[in-house]
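Colleague: Okay, handing you the structure first.
The values are calculated or read from the model by the stated rules, or taken from the named source; none is laboratory data. On a predicted model such as this, the values are computed, not experimentally measured, just so you know. Heads up, the Cβs are rebuilt from the backbone with ideal geometry, glycines too, and the neighbour counts pull from every protein chain shown. Side chains are part of the model used for accessible areas, which takes the heavy atoms of the whole protein and leaves out ligands, DNA and RNA. Shrake-Rupley method; radii C 1.70, N 1.55, O 1.52, S 1.80 Å.
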Amino acid sequence: MPKIKNREKTTEQLKEDLRKTREELAIQKWGLEKTLGGMKILVAELIQKGKDVENAKAKDDALLESIGDGVIAVDMDGKIILMNKSAQEMLGWHPESMVGKIFHDTVAIEDEKGVAIPIEKRPTYLVLAGTTITTGPTYQYVRKDKTKFPVAIKTSPIILDRKIVGAVEVFRDITREKEIDKAKTEFVSLAAHQLRTPLTGISWIAEIFLENGRHTSKDKNYIKDIIFLARRLNNLVEVLLNVSRIESGRIGVKPEPVDLVEFIGDFLREYKAVGEMQKLTIIFIKHPKKLVVVTDANLLNYILQNLFGNALRYTPVGGTVEIVLEEKKNSVIFAVRDTGIGIPEKEKGSIFEKFVRASNAVLTRPDGTGLGLFIAQESVRLLGGKVWFKSKEGEGSTFYVELPIISEVKSGEVGLIGNGHKI
Ligand code: ADP
């Protein structure tokens, strides 16, 4: 019987059982300690990591709060996930009341004229949709109390595992810059106006003097030089006035029916003699018989004068300048193509900016202002069109202008001064 058998275990056997049991217990205890030790390390690591994360977060928060620019981050649904103190101060909203809300439902954004920007054209939306934005136009934000302020916005996507998961928008109140810009424009306008009157007087007196006096041919040439230089100065003054009129948004658009074929044809006839003098071949090619658009003739003339004037100025003797007119479904494209000096690759990006002149142009024609293309581009914009170019240094350039068949009326106190003719 087992019980009796157990009882019958010798002392030696019992001692052996006890030793084995102790060993097993020791092994189990060691295992537990090991596990516990491991867990302790893990927990310690976790705590450290937590601290690191907390530290990093505290640092990020401090950094974010100290930034003078407004920062707002949104997720893929456009929900605000983060907003710093500067953004709160600028917009008049408290971050806690903003986080979790849809950005575009909460903060309204408008263009410079106060027209609301539709959701799909808002910078954050464009970035979430995968469109790259570097610098945008000037917008204005509407505060909680419905007052507005102009902002410069920079937006970039938040990318995780190569996927866009949100967007960060950094913005700055540019009220002060706008005021300085306005003051500068007003100063240029005032100075240019003041210059105009004496200049007209100089030209007028010199012309009378030339016609009425008895002069040697040498003196006549001097007087002609005075007239030419006064005219050039007047041209420069007009260009400056046009820039200030554009920048202050005072230019109106008065569309009327214009037959482009006739318009360009008449325009080119005026340049026939200049072309012959400069030994340039001027051609008007590939155009329909009649192509009527409803546009502002003053602005159109300025655009054409500038692009065509440039083609003539930057094309050496023996070259060709041609105008190509093409009809599209809802627009027209005219291109001014030349076989001139072209625009160097690295200078192409800024060529429409104010006062920008390419290095090769400065060498061949030191007398330019770098303002013509700026005025032309703004005029095209006013007509609701766009302008772009293709060019290769040493081979030539083509400037394209696409205009809508019908341009919209825009109220404005003034038009462009002068005819845009480059002297
Ligand atoms: P400007 O001709 O008075 O310098 P614009 O604003 O009209 O000013 O042109 C800016 C610059 O663009 C020019 O200085 C020149 O470098 C370049 N450019 C414009 N049109 C042409 C062209 N047809 N060929 C070569 N360069 C051109």
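Colleague: Which is assigned to a helix (DSSP H, G or I), within 12 Å of the ligand (Cβ to nearest atom) and not assigned by TED's automatic domain parsing to the domain that holds residue 235, of 378, 353?
Modeller: Within the list 378, 353, the selection yields 378.
Colleague: Related question: Return yes or no: is residue 384 within 9 Å of the ligand (Cβ to nearest atom) and surrounded by 14 or more Cβ atoms within 10 Å (Cβ to Cβ)?
Modeller: no
Colleague: Filter region 356-373 for residues that are near the ligand (Cβ under 8 Å from one of its atoms), part of a loop (DSSP other than H, G, I, E, B) and open to solvent by 20 Å² or more (accessible area, probe 1.4 Å) and give the result.
Modeller: Result: 356, 357, 365, 367, 368, 369.
Colleague: In region 387-423, how many are of a type in the set (Ser, Thr, Tyr), part of a strand (DSSP E or B) and away from the ligand (no atom under 11 Å from the Cβ)?
Modeller: Residues in region 387-423 being of a type in the set (Ser, Thr, Tyr), part of a strand (DSSP E or B) and away from the ligand (no atom under 11 Å from the Cβ): 1 in total.
Colleague: Out of region 388-405, which residues are out of contact with any Ser or Thr (no Cβ under 8 Å at 6 or more places or on another chain) and in contact (Cβ under 8 Å) with a residue 40 or more places away in the chain?
Modeller: Residues satisfying the conditions are 392, 393, 394, 399, 400, 401.
Colleague: Is region 313-329 home to any residue that is under 28 Å from the mean Cα position of the chain (by Cα), outside the structural domain of residue 232 (by TED's automatic domain parsing), open to solvent by 30 Å² or more (accessible area, probe 1.4 Å) and near the ligand (Cβ under 9 Å from one of its atoms)?
Modeller: Yes: one or more hits.
Colleague: A further question on this structure: So residue 282 ticks every box in (1) farther than 18 Å from residue 421 by Cβ; (2) part of a strand (DSSP E or B); (3) open to solvent by less than 70 Å² (accessible area, probe 1.4 Å) but one. Which box is left unticked?
Modeller: (1)
Colleague: Which of (1) open to solvent by 20 Å² or more (accessible area, probe 1.4 Å); (2) under 30 Å from residue 255 (Cβ atoms); (3) modelled with pLDDT of 95 or more; (4) over 17 Å from the mean Cα position of the chain (by Cα) does residue 403 not meet, given it meets every other one?
Modeller: It is condition (1) that residue 403 fails.
Conditions (1) over 30 Å from residue 92 (Cα atoms); (2) among the hydroxyl-bearing types (Ser, Thr, Tyr), marked per residue:
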residue	(1), (2)
176	no, no
194	yes, no
212	yes, no
222	yes, yes
237	yes, no
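Colleague: Also, I was wondering about something else. If I ask for residues that are aliphatic (A, V, I, L, M), assigned to a helix (DSSP H, G or I) and open to solvent by less than 80 Å² (accessible area, probe 1.4 Å), which ones from region 210-258 would you list?
Modeller: Within region 210-258, 210, 223, 227, 230, 236, 237, 239, 240, 241, 243, 246 qualify.
Colleague: Next question, about the same structure. For region 111-127, check the following and say yes or no: at least one residue is of a type in the set (Asp, Glu), touching a strand residue (DSSP E or B) at 6+ places or on another chain (Cβ under 8 Å) and open to solvent by less than 40 Å² (accessible area, probe 1.4 Å).
Modeller: no
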